[in-house]
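S.K.: Next up is a structure, given as structure tokens.
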Amino acid sequence: MRQARSAAWAPPPPGATAHFTDLCVKCGLCVKACPFGTLKLAGIGDPAPAGTPYFVPRDVPCEMCEDIPCVRVCPSGALDRRMQDIKKAQMGIAAVDPVSCLSWQGLRCEVCWRVCPVRDKALTLVPHPRQISKHAVFVPTIDPDHCTGCGMCTKSCPTEVSAVNILERKSFLGRIGEHYRLSWKTNQPYHPHIPAKDAAPQTAPVAPAGLDYLNSEEGL
Ligand code: SF4
Ligand code: SF4
Ligand code: SF4
């Protein structure tokens, strides 16, 4: 059975907190502060709660201002004024439609990669086998840890309807679960036994990861 799709959604400004909709007092100060005309206040029928700021990436993306003026002027805490680094913003997540993406068809487009402000971190080009020949294609691939959802890729995609779009992170992203061990990764935020890369060293012994664990006789 098909799941009902969530209501229309559009990305909020950077720094939107978990209680953004409740805390926003709909003053429009962030809209006024945005030098690129990215933000607008939602009216009835727009893809955001009425009166709250949002943007349409295909029309005007977020230019990721280093001084983040929209966040600085928010009086209510709906946008987190402690945000210092625009590259940590999580306005949404870019998702590529391989059926309409030119690079996936083997055409060297890569426009989204060129315009991405977090290029080679948020958006990388990854070799992928091509079905009709032995040559590889280079396809845009998104890293959710670095993609800010700015929408520069969506704005620039040359296809008739953009092949890369900004989606709501909580609707799109999955979660691998704490019981999987990805021993080749150095930073696993959800893993209870493998500390984050910059975490303080653990005093308790840490179980060997992945295959090492399976091959170990410890605890068997
Ligand atoms: S970061 Fe800059 S471009 Fe993006 S919404 Fe804020 S003020 Fe506008
Ligand atoms: S700009 Fe659009 S068509 Fe070109 S590689 Fe990116 S997603 Fe594909
Ligand atoms: S939304 Fe697109 S352009 Fe912006 S950081 Fe993510 S991949 Fe890069």
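The values are calculated or read from the model by the stated rules, or taken from the named source; none is laboratory data. Not measured: the values here are computed from a predicted model. Quick reminder, even Gly has a Cβ in these numbers, built from the backbone with ideal geometry, and neighbours come from all protein chains shown. Areas reflect the complete protein model, heavy atoms only, side chains present, ligands, DNA and RNA absent. Shrake-Rupley method; radii C 1.70, N 1.55, O 1.52, S 1.80 Å.
S.K.: Which whole-number percentage describes the relative contact order of region 92-171, with Cα contacts under 8 Å and a sequence gap of 6 or more?
M.R.: Over region 92-171, the number comes to 42 percent.
S.K.: In the full protein assembly as shown, how much of K121 is accessible to a 1.4 Å probe, in Å² to the nearest 10?
M.R.: About 120 Å², ignoring ligands and nucleic acids.
S.K.: Would you please give the FRET efficiency between D120 and L173, computed as 1/(1 + (r/R0)^6) with r the Cβ-Cβ distance and R0 = 35 Å, to the nearest 0.05?
M.R.: 0.95
S.K.: Holding the Cα-Cα limit at 23 Å, pick out from K134/K185; K26/K121; K26/K87; K121/K170; K134/K155 the pairs that are longer than that.
M.R.: Checking Cα-Cα distances, K134/K185; K26/K121; K26/K87; K134/K155 exceed 23 Å.
S.K.: Tally Lys and Arg at +1 and Asp and Glu at -1 over the other residues with C-beta under 12 Å from the C-beta of Q90: what net charge comes out?
M.R.: Here the charged neighbours net out to 0.
S.K.: For region 1-77, what is the Kirkwood hydrodynamic radius in Å, using each pair of distinct C-alpha atoms?
M.R.: By the Kirkwood definition, the hydrodynamic radius is 13.1 Å.
S.K.: L123's amide H: which non-local residues (gap 5+, or another chain) put their own amide H closer than 5 Å, with H modeled 1.01 Å from N in plane and none for Pro or chain starts?
M.R.: Long-range HN contacts for L123: D143.
S.K.: Of all the accessible heavy-atom surface of region 92-171, with the other protein chains kept in place and a 1.4 Å probe, what percent is carbon and sulfur?
M.R.: Answer for region 92-171: carbon and sulfur cover 57 percent of the accessible area.
S.K.: If I model a spin label as a point 7 Å beyond the Cα along the Cα-Cβ vector, how far apart are those points for D22 and R81 in nm?
M.R.: The modelled label-to-label distance comes out at 2.0 nm.
S.K.: Mind ranking T159, T17 by accessible surface for me, highest first, 1.4 Å probe?
M.R.: T17, T159
S.K.: What is the percent carbon and sulfur in the accessible area of region 1-88, measuring with a 1.4 Å probe over the protein chains and ignoring ligands?
M.R.: Whole-percent figure for carbon plus sulfur exposure: 54.
S.K.: Taking only protein heavy atoms into account and a 1.4 Å probe, give the accessible area per residue of region 92-171 in Å².
M.R.: Averaged over the residues of region 92-171, the accessible area is 56 Å².
S.K.: Want the number for V73 to D46: 0.36 nm per residue separation, take away the alpha-carbon distance, what's left?
M.R.: So the chain would gain 7.4 nm between V73 and D46.
S.K.: Separate question: Which FRET efficiency value, to the nearest 0.05, is calculated for T186 and R130 with the Förster distance at 41 angstrom and r the Cβ-Cβ distance?
M.R.: In this case the efficiency is close to 0.80.
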